[in-house]
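A.B. asks: This structure is in C-alpha cells; I'll ask about it shortly.
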Amino acid sequence: MPVAGYEAASIYGYSTARVKAMESKMIRKETMQNIINAKDVPTMLAILAQTDYKKNLEEFGGVNLKSDLIDFALSKNLGENVDKLITVSPIVNKSLMRSIAGKWDLYNIKLAIDAKEKGAPFSEISKYVINYGLYDSVALKELMNEPNIESMMNRIMINSPYKPILAAALENYRKDKIAANIGVTIDKLYYNQLGSIIIRLLDMHHESAQIIKMDIDMRNLITLIRAKKYNIKFLEIAGNLINNGSLKQESLRELYENSKDIESMIKEIKVFDLSFELAQYRSETRKELLGFEIGMKNAIMNKSIKLLKHSVLSIGTLIAYAYLKEIEVFTLRIIIKGKTYGLPREEITKMMVWKAE
C-alpha cells in the first residue's frame, strides 16, 4: 500500500531531498540546445564543463580532451550517479532499486561478451563501461582474460545475483553458438524478472510501474519494427519479446501480423504517439529506424520529468531520476558523435531526445 504523512516523510524525506539535488544538476533544455548549436566539439565541451560533468571531463583532459575519450567521461558520470542513487535509497527500497539498476550491470556484461566474440581487447569497450556495481571496468578487464565466452560467463556467474539469467543465456549459447543471442536472452529474462517489481510498484506507486512498463513496451516495439523491415515472421521473433509490458504478446502479434509494412504498423501503435517520427521517416530517403526509438525514449523522458515534478516523498522520485539520467547520457552521446562525424545541426536535432518542455 502507498505510504503517506509522517511515515512517508520518515522513509523518503532524506532520499527525496538528495535526488532532487541530483536532478537540479542535470542539463536543462536550453543548455542542451546550446551544446547542439556549438560550432565544434571543443565548444561543446566548454559548455559541458559548466555542468555536473566538469569533474569527469577534467579527469580525462578537460575541454581539450580527445573525442575518443569523451565517452569515458559520460560513462563515469552515469556510474557515479547510479551509485549515489542506490546509496541514498531508503533501506526498505534498496533491493528494489538494485534490481532496477541491474540493467547497468548486465549492460556491462553484454559489452564484454560482444567484445570477446569479436576478439576485441578490453580497451575497445572500456569507454562505454558504466563504472557501477559488481562488473565495473576493473572486473570486466580481468574477466576478459578468460580464453572464451563460456569460461568468461562461468566466471561471471560465481556468486552473481544474476546467475539464473546468465545460466539460461549460457545454455542457449551452447546450443547455437550465437553470441548475439546471449544479449537477447539476458534482456528478456531481466525484464521478465522485473515483473515482481512491477507488481510491488503498482501497489506502492502506480506511475513508477508505468515507466517500467513503457520501457518494456519500447523494447518490444523496437523488436517488431526491426523485424518488419526484413519481413521476418512473427513466430521467429516471439521468443524474444518481453513480458510485463502494457502490450501483451497477443496484442503484439495482432499489431505485427495485421500490418503490411512499418508505416502501417507505426500508425496502429497506441501506447506511444509516433506521428511526428512517422512523418520524418516518410520524408527520408535512407529510412532510418532510430527515430522511432528516440520518439519512445522522449515519451519515457516526459513521463519521468512529470513524475519528478509531482512525486513527493515516494519511490517515484528515485525511479524517475534513474531513467532521466540514462536518457541524458544517451542524448549527449548522440549529439557529440554527430558533431564529431560532421553531421549538420538539423540531422543531429532530429536524433536528439531532449525535447521536453
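The values are calculated or read from the model by the stated rules, or taken from the named source; none is laboratory data. Remember, predicted model here, so these are calculated numbers, not experimental data. A quick note on method: Cβ atoms are made from the backbone with ideal geometry, for glycine too, and the neighbour counts reach across all protein chains shown. Only protein heavy atoms, including side chains, enter the accessible area calculation; ligands, DNA and RNA are left aside. Shrake-Rupley method; radii C 1.70, N 1.55, O 1.52, S 1.80 Å.
A.B. asks: Per residue, how much accessible area does the chain have with a 1.4 Å probe, in Å²?
C.D. replies: 48
A.B. asks: Rounded to the nearest 500, what is the 222 nm mean residue ellipticity of the chain from helices alone, with -39500 (n - 2.57) per DSSP H run of 4+ residues and division by all residues?
C.D. replies: My calculation for the chain gives -22000 deg cm²/dmol from helical runs alone.
A.B. asks: Expressed as a whole percentage, what fraction of the accessible surface of the chain belongs to carbon and sulfur atoms when a 1.4 Å probe is rolled over the protein heavy atoms?
C.D. replies: 53
A.B. asks: Using protein chains only and a probe of 1.4 angstrom, how many square angstrom of K233 are accessible, to the nearest 10?
C.D. replies: That residue has around 140 Å² of solvent-accessible surface.
A.B. asks: Over segment 243-331, what relative contact order in percent results from Cα pairs under 8 Å that are six or more residues apart?
C.D. replies: Relative contact order comes out at 16 percent.
A.B. asks: While we're looking at this one, here's another question. With all protein chains present, calculate the accessible area of D187 using a 1.4 Å probe and round the result to the nearest 10 Å².
C.D. replies: 40
A.B. asks: Which distance in nm do the two modelled labels at Y341 and R28 give, with both placed 7 Å along the Cα-to-Cβ direction?
C.D. replies: Label-label distance for Y341 and R28, simple model: 3.2 nm.
A.B. asks: Using the Cα centre of segment 275-357 as the reference point, and only Cβ charges (+1 on K/R, -1 on D/E), how large is the resulting charge dipole? Debye, rounded to the nearest 20.
C.D. replies: 60
A.B. asks: Taking segment 176-231, which trypsin sites (Lys or Arg not before Pro) meet the DSSP loop condition and have no more than 16 other C-beta atoms within 10 Å?
C.D. replies: Sparse-neighbourhood loop trypsin sites (Lys or Arg not before Pro): K177.
A.B. asks: Putting +1 on Lys and Arg Cβ atoms and -1 on Asp and Glu Cβ atoms, find which of L332, N192, N159 reaches farthest to the positive end of the dipole of the chain.
C.D. replies: L332
A.B. asks: Another question, then. So for the pair Y230, R253, with labels modelled 7 Å out along Cα→Cβ, what separation do we get in nm?
C.D. replies: Label-label distance for Y230 and R253, simple model: 2.2 nm.
A.B. asks: List the relative contact order of the chain as a percent without decimals, with contacts defined as Cα pairs under 8 Å and 6+ residues apart.
C.D. replies: Taking the mean separation of contacting Cα pairs over the length of the chain, I get 20 percent.
A.B. asks: Mean separation of Cα pairs under 8 Å and 6+ residues apart, divided by the residue count of segment 121-260: what relative contact order is that in percent?
C.D. replies: Reported relative contact order: 17 percent.
A.B. asks: To the nearest 20 Debye, how big is the dipole of the chain about its Cα centre, given +1 on the beta carbon of each Lys and Arg and -1 on that of each Asp and Glu?
C.D. replies: Rounded to the nearest 20 debye, it is 180 debye.
A.B. asks: While we're on this one: Which lysines have a Cα lying under 19 Å from the Cα of K110, excluding residues fewer than 8 positions away in the same chain?
C.D. replies: Correct list for K110: K76, K118, K127, K141, K163, K175, K177, K188.
A.B. asks: Same structure again: When the Cα centres of segment 4-39 and segment 117-182 are compared, how far apart do they sit, in Å?
C.D. replies: 33
A.B. asks: Got a sec? What order do H205, H310 fall in by accessible area at 1.4 Å, biggest, i.e. largest, first?
C.D. replies: H310, H205
A.B. asks: While we're on this one: Heavy atoms only, probe 1.4 angstrom, no DNA, RNA or ligands counted: give me F276, F292 ranked by accessible area, highest first.
C.D. replies: F276, F292
A.B. asks: How much accessible surface area, in Å² rounded to 10, belongs to the heavy atoms of D83 with a 1.4 Å probe?
C.D. replies: Here the accessible area works out near 80 Å².
A.B. asks: Additional query: Compute the normalised compactness of segment 207-310: alpha-carbon radius of gyration over 2.2 N^0.38 Å, N being the residue count.
C.D. replies: For segment 207-310, the normalised Cα radius of gyration comes out at 1.07.
A.B. asks: Next question, about the same structure. What ranking do 90-102, 325-337 get when scored by the average of other Cβ atoms within 10 Å per residue, highest first?
C.D. replies: So the peptides 90-102, 325-337, ranked by packing, come out 325-337, 90-102.
A.B. asks: If you stretched the chain out fully between Y128 and L202, how much longer would it get, using 0.36 nm times the residue separation minus the C-alpha to C-alpha distance?
C.D. replies: Between Y128 and L202, full extension yields an extra 23.3 nm.
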